[in-house]
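To start, the structure under review is shown below, and the notes come after it.
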Amino acid sequence: MTRRPARIVLLRGVGTLPLLAYIAFEKALSLIVSTSRRKARRLASGEAARQARHASEARLRNIAGRYEEKTPLALRLLALDDHCVPGTLGWDLFSPRRPTWKVRCWMRLTAYYTSPLSVSDTIDAILTAGDQPLSPIPFTHEHDGTGAELIPGPPGDRVRAGHVLDWDNPSRTLPGPEENTGLHRRVYEPPGATVTAIRHQHGVIYRLTLPVDDYYRIPR
C-alpha cells in the first residue's frame, strides 16, 4: 500500500480555514522562490547557456567518435537529449527548501553502432583500445566493466566510469531511443533512422550511453 507523505497526512487534521491559508501561503511562496518556466527558458536560451551547450555537445560527440575511430564500431545513429529545468521550491514536512539554482541544464548522448566482427572480437578490440595510454575509452582488459565494476544505472553488459555499453543478444534486442517529453532540445542523427532498420541491414546493435554532462546552471 502506498503511504501518503507525512505533511499531507498531518494537514488532514487541520481545520478548513487554516488549511486553505496554509495552501495559499505555500503557493505564494513557491511563486516567489521558484523560477518560472518562462524565465528558465529565457535563461537556458542565453548566450552563456548556448556556449556551454555547444561545448558539452562537442565533448560528448568527440567521445562517441573516438569509439568509432579506435575500434571496429561504426556509428549508425546518435541521440542527444538536452534537458533544462527551473529551480523549484521543495518541502521537508513543513519547512520550505529553497532551490540552489535558477536553472539547470544537462545533456545525455546515446550512440548506436554496428561492427563487422563477431561480438567477442568486437569487445576484445574495444578493451584493447581502452588499454592504450590516455584512451578516452574506460573499458580495458584489466577493468572490463563486468562483475564488481557494475554500478547503478541503465542495464548494460559493460559499465565502467559511467559509460554503459550493451548489445543485442539472443534473449534481448536493444530498443531504439525513447521518446522524451519536456526536453529543451533533441538531436537525432540521421533523422528517420531506426534501430530496427539498422539491425536488419548491418546486424548486431551496440549501444553506448555516456555519463550525463551537467553543463550549465545559474545559482540563486
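The values are calculated or read from the model by the stated rules, or taken from the named source; none is laboratory data. As the structure is a computational prediction, the values presented were derived from the model and not from experiment. Here the Cβ positions follow ideal geometry from the backbone for every residue, glycine too, while neighbour counts run over all protein chains shown. SASA here: full protein model, heavy atoms, side chains in, ligands and nucleic acids out. Shrake-Rupley method; radii C 1.70, N 1.55, O 1.52, S 1.80 Å.
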For this session: Look through L117, L109, L134 and report the one residue that is modelled with pLDDT of 95 or more, open to solvent by 60 Å² or more (accessible area, probe 1.4 Å) and either part of a loop (DSSP other than H, G, I, E, B) or closer than 30 Å to A49 by Cβ (or both).
Result: L117
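Looking only at the range 164-193, which residues are acidic (D, E), surrounded by fewer than 16 Cβ atoms within 10 Å (Cβ to Cβ) and in a loop (DSSP other than H, G, I, E, B)? Walk me through how you get there before you give the answer.
Within the range 164-193, the first condition is being acidic (D, E), and the residues that meet it are 166, 168, 178-179, 189.
Still in the running and surrounded by fewer than 16 Cβ atoms within 10 Å (Cβ to Cβ): 178-179, 189.
E178, E179 - these are the residues of the range 164-193 that are acidic (D, E), surrounded by fewer than 16 Cβ atoms within 10 Å (Cβ to Cβ) and in a loop (DSSP other than H, G, I, E, B).
Considering only residues of the range 174-220 that are aromatic (F, W, Y) and over 14 Å from H83 (Cα atoms), which is modelled with the highest pLDDT?
The selected residue is Y206.
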For this session: Considering only the range 137-151, state which residues are among the aliphatic types (A, V, I, L, M) and modelled with pLDDT under 95.
Result: A148, L150, I151
